[in-house]
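For reference, the structure discussed in these notes is given below.
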Amino acid sequence: QVQLVESGGGLVQAGGSLRLSCAASGTILSINTMGWYRQAPGKQRELVAAITREGSTNYVDSVKGRFSISRDNAKRTVYLQMNSLKPEDTAVYYCNSDRILTRGMTLYNRWGQGTQVTVSS
């Protein structure tokens, strides 16, 4: 069974940093684009950053220059380095992959369980 498991969330003061990790487990042949989304209370889930298998990245405007997404294909892991955190970054952060190839099937739009990030002012 393929799973995406996030870690690294927590409570941090404004201006601080956190690093989120998302590791994929299971019998996986390849993972296409991986991304980080977030959802704050009362708001829709939004894409924060994404990275293709080849390493191309994109970010939502509100985190450009502060967040950095990277991945280690050998470890099947994607990271989100978050610097200069602001209270408005407070949300549950979810890992996602648009396509995961396993032996026998292709899985689409897989999500992790989420990790809470809270930034205090």
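The values are calculated or read from the model by the stated rules, or taken from the named source; none is laboratory data. Nothing here was measured: the structure is a model prediction, and the numbers come from that model. Don't worry about glycine lacking a Cβ; one is built from the backbone with ideal geometry, like all the others, and counts go over all protein chains shown. What goes into the accessible areas is simple: the full protein's heavy atoms, side chains included, and nothing from ligands, DNA or RNA. Shrake-Rupley method; radii C 1.70, N 1.55, O 1.52, S 1.80 Å.
Between 93, 108, 79, the GNM of the chain built on Cα springs shorter than 10 angstrom shows 108 fluctuating the most. Among the lysines, select those whose C-alpha is under 27 Å from the C-alpha of residue 86, and discard any that sit fewer than 8 residues away in the same chain. In chain and number order, the partners are 43, 64.
Note on the chain: with neighbouring protein chains present and a 1.4 Å probe, carbon and sulfur make up 46 percent of its accessible heavy-atom surface.
A Gaussian network model of the chain, with springs between Cα atoms under 10 Å, assigns the largest mean-square fluctuation among 81, 44, 13 to 44.
Per residue, the chain exposes 53 Å² of accessible surface when a 1.4 Å probe is rolled over the protein heavy atoms with every protein chain present. In this Cβ point-charge picture (+1 for Lys and Arg, -1 for Asp and Glu), the chain has a dipole of about 200 debye about its Cα centre.
Label separation (residue 54 vs residue 17): 3.0 nm, computed from points 7 Å beyond Cα along the C-beta direction.
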